[in-house]
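Here's the structure, in C-alpha cells; my notes come after.
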Amino acid sequence: MNQTDNPFYESLHETALKAPCSSGVYLWRNNQKTVIYVGKAKNLKNRLSSYFSGEKALKTQLLISNAVSIEYITTTNEYEAFILENNLIKKHSPKYNIQLKDGKSYPVLKITNEEFPRVLKIRQVKKDGSQFFGPYPDATALESFIEAIYKIYPLRHCRTFKKKNSPCMYYHIGRCKAPCCGKIDKRTYSEFIEEIKSLLEGKGDESISKLTQMMKAAASELNFEKAARIRDGIKALTVMQNQNIVEDFNSGDDSDYIGFYREGELVSFTVLKIRDGKLLGRDNFQTVSLSEDDELFEEFAMNFYTKKQEIPPRIFLSEEEAEAGSHSFLEKYLQESVDADVAVISVQEGGIPDNSIEKKHKALLGMAKHNAHEDIIRRMRERGDFPAMEELKKMLVLPRLPQRIEGFDIAHIGGKFPVASLISFWNGNPDKKNYREYRLKTTDGIIDDFASMKEATARRYSRLLNDKKELPDLILIDGGIGQVNAVDDIIKSLDLDIPIAGLAKRDEEIWRPHASKPICLPKRSDALRLLQRVRDETHRFATSRNQELRTKENTESVFKELPHVGEKREKILLQTFTTLENLANAEESQIAQALHVRAGEASEILYAAKTMWQKQKDSIERKKEQIDAELGTGAEQKKNYESVLAEFEEENSMHVADGGAETSGHGTNGS
C-alpha cells in the first residue's frame, strides 16, 4: 500500500506543515466527509507533520490513503485537548481510532467500600458500592493528589485488611493509624474519609471557599490538627485542579459560543458547541464582506441559524459585539424568523467578577476567536494577500507589485538602548527568516528618530548593494514625512530607486517622500490593512528586542566606573537614575540621599558622571557629523557612506525573529 498514491497526499501534507504550534485536537475525514480518526496533540504542527516523515506503520499508511482532509481545533492547553478528543470520539466513533488508539480511558479516584476505606486511582469503574470521582484528564496530577492525601491523612495502605497484633512500618513513620491493630476507631477514621470527600465533591472556587470555611471553623474550635489537615488538603486540591473549560461546564446546558476574526474583506466565524455540558465540536463559517463589524453578525445569523432544532437555548458572544447591536438583533431574528426562544448573552472582555463560571465563559469565547483567527491565517496563506498588494500598487503608483515589503521601526527608552527593527513581508505575509535587528550607534543616549532611521537604512541597503542581493519592492517606515524624507536621502545617496512610504499612527496617514499632503485610504482598505500589519510587526519586533537589551545591559552599568561606587551602590544608582544622563543632571543632594554618603563623596560622583556624560555626547556628535556632513556628492556618496558605516558593520547585531506560530529559523548573515 502506497499512501502517496492518494491524490490528496500533497494537500494533507501541506495542511500538517501549516498547522499552529499550539495544543489541540485534529480530525481526519474521508471523501464522504466522515470523520475517520480523531487525535490529540500538545503541538499540532509537530504531531501532524510526524505522519508524513520517517518510516510509517501500516496503520498510518492506511489512514493517509483513505483521507482527503485534516481539520483541527486549537485549545488553551493540552488537558482541554484530552477531554475534547474523548468527546469527539464518542460523538463520531471514528473508524480508525479503534486500531490506532490504545483504548485507555481517563483515570478516576476511588474510595473503596470497606470498613476502613482506601483511596485509589483506577481506570475501570465497577459497581461494587465504592465511591468514584472524576474522570481526571491528567493522570500525573491525580497521582500527586493521592500521594498528598496519604501524607496528610493516616489512611491504611495494605491491599487486604486483616487483624494483626503488631502494626507495619507505615504506623511507625506516622503514615497510618494501624486500624488493623485497633489503634484508631472507625468513627475517627470515617472523619478523615469525609474530609477527603469534601475536597473532591465541590467544584473550582466554590469548593475552595467551602473548605476554607471548614478550616476556619476547626481553628476556632481549637482543633488545630484538623485545620492543618484541611489546609494541606486545599493545597493538594489546588495542584490537581486544572481550569478546564471543555468538560462539565454546566451540566445539561446546551450553548453556542461565537467568535470571529477578520482581515480586510475576509471574515471567519467560529462556533463552539456545548452540548450536555461538554464541548463537542466547532463550526467555521467563512465569508467575504466589506460590512462593518456590527453588521457581520447579521450576515452570520441569517446564514448559520436556519433550523430551530439545531439552535441551543443560549448563545454567548463578547460584549463588544453586543454593544454594537448584535445582541438585540440576534435574539429578535431567531425568535421571529426561526421561532427559536434563545437567550443571547454577552460576556465582558475584561474586568469580569472573579468566579469560575464567568471565567469559563470568557475562556470559551477567547477559544472561539482564536480558532477564527487560525482560519483567517490559513485563508490568507492559501491565497496570498494579492488584493492588498494590487491596491497598494495602484494607490501609491508603484512601478511593480510590492511582493517584498521591508518595514523599519525604532525603539528606545529615553534614548537608551536604541534598536532598529527590520521585518520582511513576502506576498503579504511575514517572512520571519528575513527579520533583522540593529543596535544603533550614532543615537545611543539621545533621541533622534531621523538619524536612527538614516543609520538603520544605510546599513541595510549598503550591505545589500555590497552583497548584490535582491532589493525590496517597497520600504515602509513607521512614522511621518520627516522619517520618510530622512530615509529617502539615504536611498538616493546610495543611488537606489526603491519606493518609500511612511504610515503615521495618529490618523493612519500614508506619506510619500517630499509630499505636501498624505494619502488617506478607507478604513476597510486592503492596502491600508497590509501596511498596518507590516507597521505593527515592526513595532512589536523592535520593542521586544529593546526590552531584552535593557535587561542585559542593566547588568553591566557604566555606574561601576564612578568613584566611591561598588557593586551595591551601582545597583542603587541604576535603580534610582537608570541612565548616565539622568545621573549627570541630578542634584548632589539626590545622590547623597540615595547612597547615604557625605556631600563630598556625592560631589565627586556627580562631577565624574557629568564628565563621562559629556564625553559620550561629544562622541555621538562626532559620529553624527561624520555621517551627515562628510558625504560627498555624485559618485562619491555611496563610497563615503560605506566607509563611514564600516565601523558599525563589525558590531551589527542581527537576529532572526522570535519563534511564532508560522515560522522559526536562524539567519546566517547580518544585513
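Determine, yes or no, whether Ile377 is hydrophobic (A, V, I, L, M, F, W, C), open to solvent by 10 Å² or more (accessible area, probe 1.4 Å), assigned to a loop (DSSP other than H, G, I, E, B) and at pLDDT below 85.
Numbers: hydrophobic (A, V, I, L, M, F, W, C): yes; open to solvent by 10 Å² or more (accessible area, probe 1.4 Å): yes; assigned to a loop (DSSP other than H, G, I, E, B): no; at pLDDT below 85: yes.
Taking the combined requirement at face value, the residue does not satisfy it.
So, of the residues in the stretch 440-468 that are of a type in the set (A, V, I, L, M) and assigned to a helix (DSSP H, G or I), which turns out to be surrounded by the fewest Cβ atoms within 10 Å (Cβ to Cβ)?
Initially, the stretch 440-468 is screened for residues of a type in the set (A, V, I, L, M), giving 440, 446-447, 451, 453, 456, 458, 464-465.
Applying the additional criterion that residues be assigned to a helix (DSSP H, G or I) yields 451, 453, 456, 458, 464-465.
Numbers: Ala451: 21, Met453: 28, Ala456: 28, Ala458: 23, Leu464: 18, Leu465: 16.
Out of the qualifying residues, it is Leu465.
From Glu588, Glu651, grab the single residue that is over 23 Å from Asp488 (Cα atoms), at pLDDT 75 or above and of a type in the set (Asp, Glu).
One residue alone meets the criteria, Glu588.
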- Tell me, which residue of the stretch 410-422 that is modelled with pLDDT under 90 and of a type outside the set (Gly, Ala, Ser) is farthest from Glu455 (Cα to Cα)? Ile413
- Note on the structure: In the set Leu12, Leu27, Leu17, the lone residue that is touching a Ser or Thr at 6+ places or on another chain (Cβ under 7 Å) and at pLDDT 80 or above is Leu17
- Note on the structure: Selection from the stretch 485-504 of residues within 16 Å of Leu531 (Cβ to Cβ) and either out of contact with any strand residue (DSSP E or B) (no Cβ under 9 Å at 6 or more places or on another chain) or buried (at least 20 other Cβ atoms within 10 Å of the Cβ) (or both) yields Val487, Pro499, Ile500, Ala501, Gly502, Leu503
- Scanning the stretch 37-49 for residues that are open to solvent by less than 10 Å² (accessible area, probe 1.4 Å) and farther than 16 Å from Asn77 by Cβ, the one nearest to the chain's Cα centre (by Cα) turns out to be Leu48
- Message: Give me the residue from the stretch 245-282 that is at pLDDT below 65 and of a type in the set (Val, Ile, Thr) and, out of that set, surrounded by the fewest Cβ atoms within 10 Å (Cβ to Cβ).
- Response: Ile245
- Message: Looking only at the stretch 424-439, how many residues end up being open to solvent by less than 10 Å² (accessible area, probe 1.4 Å) and closer than 18 Å to Ile491 by Cβ?
- Response: 2
- Query: How about the stretch 189-234: which of its residues are open to solvent by 60 Å² or more (accessible area, probe 1.4 Å), at pLDDT below 85, assigned to a helix (DSSP H, G or I) and of a type in the set (Lys, Arg)?
  - Reply: Lys210, Arg231
- Message: Looking at the stretch 162-181 only, could you name the residues that are surrounded by 12 or more Cβ atoms within 10 Å (Cβ to Cβ) and not in a helix (DSSP H, G or I)?
- Response: Lys164, Pro167, Cys168, Arg175, Cys176, Lys177, Ala178
- Message: Of all residues being surrounded by fewer than 18 Cβ atoms within 10 Å (Cβ to Cβ) and part of a helix (DSSP H, G or I) in the stretch 332-341, which is modelled with the highest pLDDT? Just the residue, please.
- Response: Gln335
- Within the stretch 22-43, count every residue that is under 23 Å from Pro7 (Cα atoms) and outside any strand (DSSP E or B). 5
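Condition check ((1) of a type in the set (Phe, Trp, Tyr); (2) at pLDDT below 85; (3) part of a loop (DSSP other than H, G, I, E, B)) across all residues:
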site	(1), (2), (3)
Leu503	no, no, no
Phe559	yes, yes, no
Leu573	no, no, no
Glu581	no, yes, no
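Before we move on, is Ser525 free of Cβ contacts under 8 Å to residues at least 24 places away in the same chain and farther than 21 Å from Glu455 by Cβ? Before you say what the answer is, go through the steps one by one.
Values: free of Cβ contacts under 8 Å to residues at least 24 places away in the same chain: no; farther than 21 Å from Glu455 by Cβ: yes.
The answer is no for Ser525.
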- Task: Identify all residues within the stretch 65-91 that are at pLDDT 85 or above, farther than 22 Å from Lys359 by Cβ and outside any strand (DSSP E or B); write none if there are none.
- Result: Ala67, Val68, Leu88
- If a residue has to be of a type in the set (Ser, Thr, Tyr), under 16 Å from Ala19 (Cα atoms) and touching a Pro at 6+ places or on another chain (Cβ under 9 Å) to count, how many in the stretch 74-89 make the cut? 1
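The values are calculated or read from the model by the stated rules, or taken from the named source; none is laboratory data. Just so we're clear, the structure is a prediction, and the values are computed from it rather than from any experiment. Quick reminder, even Gly has a Cβ in these numbers, built from the backbone with ideal geometry, and neighbours come from all protein chains shown. Surface areas here come from the heavy atoms of the whole protein model, side chains and all, with no ligands, DNA or RNA. Shrake-Rupley method; radii C 1.70, N 1.55, O 1.52, S 1.80 Å.
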